[in-house]
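In what follows, a structure is listed as structure tokens, so that the remarks can point back to it.
The values are calculated or read from the model by the stated rules, or taken from the named source; none is laboratory data. Keep in mind it's a predicted model, so treat the numbers as computed, not measured. Heads up, the Cβs are rebuilt from the backbone with ideal geometry, glycines too, and the neighbour counts pull from every protein chain shown.
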């Protein structure tokens, strides 16, 4: 398990190289590319605002900025898991040519997703100012919350990348699963409004319940994350542990099976 | 000086037949993850043993589908043998054959960096050898164009140039000497001679018996994944040319004749 983590650390230069190449492709047209990476989530948010606030007349006063703080984090998870799922399965040529550590491939997409997320926070700051959100010391929680999401995302991505080699339809299944997962998680609504207190201990078992709630709390509401965030950390450690163990078990078989 | 660099002892490798793989998650769930019957196996290599010392060249010959490329992948650490052991003392070059694992959307220069780092070299090491690689490959101004715009000869030349210039202890050469125009063939033959004179170890797979005879210090004749003959180049090549052409695939799964 720790062997895989040590490998990742030893090969960090390659990881940096790959992430940089990813970002270069994404922002090839420098100004326009970067602008799009900010506009894209903003437009998605506009669609949800139209749907929830204008059509269904729901949502709280700060709905757009609350949604946005969760949406940015979700886009990181979405990008990373979807890319990671096919990251080994589609690299058959490369895997059968060079004997590099395979764990690099899914990790690359989680790292690129993280970088894109951090850039997109640049669009969140003007939003916070626009909605006159007070900047509080609670925002200092952000690195902790991001770290918890990183661990969970990496674990999930590692598992998906291996399963994706053996079951090629995982990608199609994931598209729907992830969409439902997003709608069930408190991004478009808040827990206080929609989840009755007696259901909360179960509801908070979803790592994205506490992650979304934490982003909203620390960035917009100016309150600390709920204690359930440590449940998300627990899930993160468990998923990452399982993912690393799976790589230890399966790595030598991947070249034959892709 | 003549220490053993590659030592293979009873190496065997088994593949599952293609049709047995690629099940979908949907089907697997419906079957309840039970096996759809015993997997049909294909023995790509059986009981292969040889040693290659420093500065020696092993030539590998045999009909198509006899396991030559698979053997190179075992030496390159891409496949782990199912039986027996293989020890390689030193850094092995990537197996850049005609169907190299390049990222075709990246430029030639970016691919040199990528493949070099995937082989485990530092960014600095790769950078300091990049100009030599470019010059040897002779792709000219195409070096900054995407590899998908290259001719197959250019891809092969770039692949060989990377493998030959990044200072590996063991060079795996798969059918490269028959590629490219006359001048590149001569250049690559000269490069191999130079590497051998530098006491680099080479494993050479080729259908060109002249090339095998010129470079090899010993020759391994594979047929149906079995060792048909191994030893002095002159003797083995002579026996190979006299042998009736084998029916490939027909006897591939029979036991090896002793």
Qualifying positions in the range B:199-219 - part of a loop (DSSP other than H, G, I, E, B) and touching a residue at least 40 places away in the same chain (Cβ under 8 Å): B:199, B:200, B:206, B:207, B:216, B:217
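Do the conditions hold for residue A:192, that is, is it modelled with pLDDT under 95 and away from chain B (no Cβ under 14 Å)?
Values: modelled with pLDDT under 95: yes; away from chain B (no Cβ under 14 Å): yes.
Yes; evaluated as a whole, the condition is true for this residue.
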Can you give me the number of residues within the range A:84-103 that are more than 9 Å from chain B (Cβ to nearest Cβ) and without any contact (Cβ under 8 Å) to a residue 40 or more places away in the chain? 1
With the structure loaded, tell me whether residue B:184 is in a helix (DSSP H, G or I) and in contact with a strand residue (DSSP E or B) (Cβ under 8 Å, 6 or more places away or on another chain) or whether it fails that test. no
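Picking from B:101, B:12, B:90, which residue would you name as being within 14 Å of chain A (Cβ to nearest Cβ) and modelled with pLDDT under 70? Write out each step before concluding.
Working: B:12 fails: modelled with pLDDT under 70; B:90 fails: modelled with pLDDT under 70.
Of B:101, B:12, B:90, the one residue that is within 14 Å of chain A (Cβ to nearest Cβ) and modelled with pLDDT under 70 is B:101.
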Say we look at the range B:65-80 and pick out the residues that are more than 10 Å from chain A (Cβ to nearest Cβ), crowded, with 23+ Cβ neighbours inside 10 Å and in a loop (DSSP other than H, G, I, E, B); which of these is nearest to the chain's Cα centre (by Cα)? B:67
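A quick yes/no check of all residues on (1) buried (at least 16 other Cβ atoms within 10 Å of the Cβ); (2) in a helix (DSSP H, G or I):
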residue	(1), (2)
B:112	yes, yes
B:117	yes, yes
B:120	yes, no
B:125	no, yes
B:130	yes, yes
B:155	yes, yes
B:160	yes, yes
B:163	yes, yes
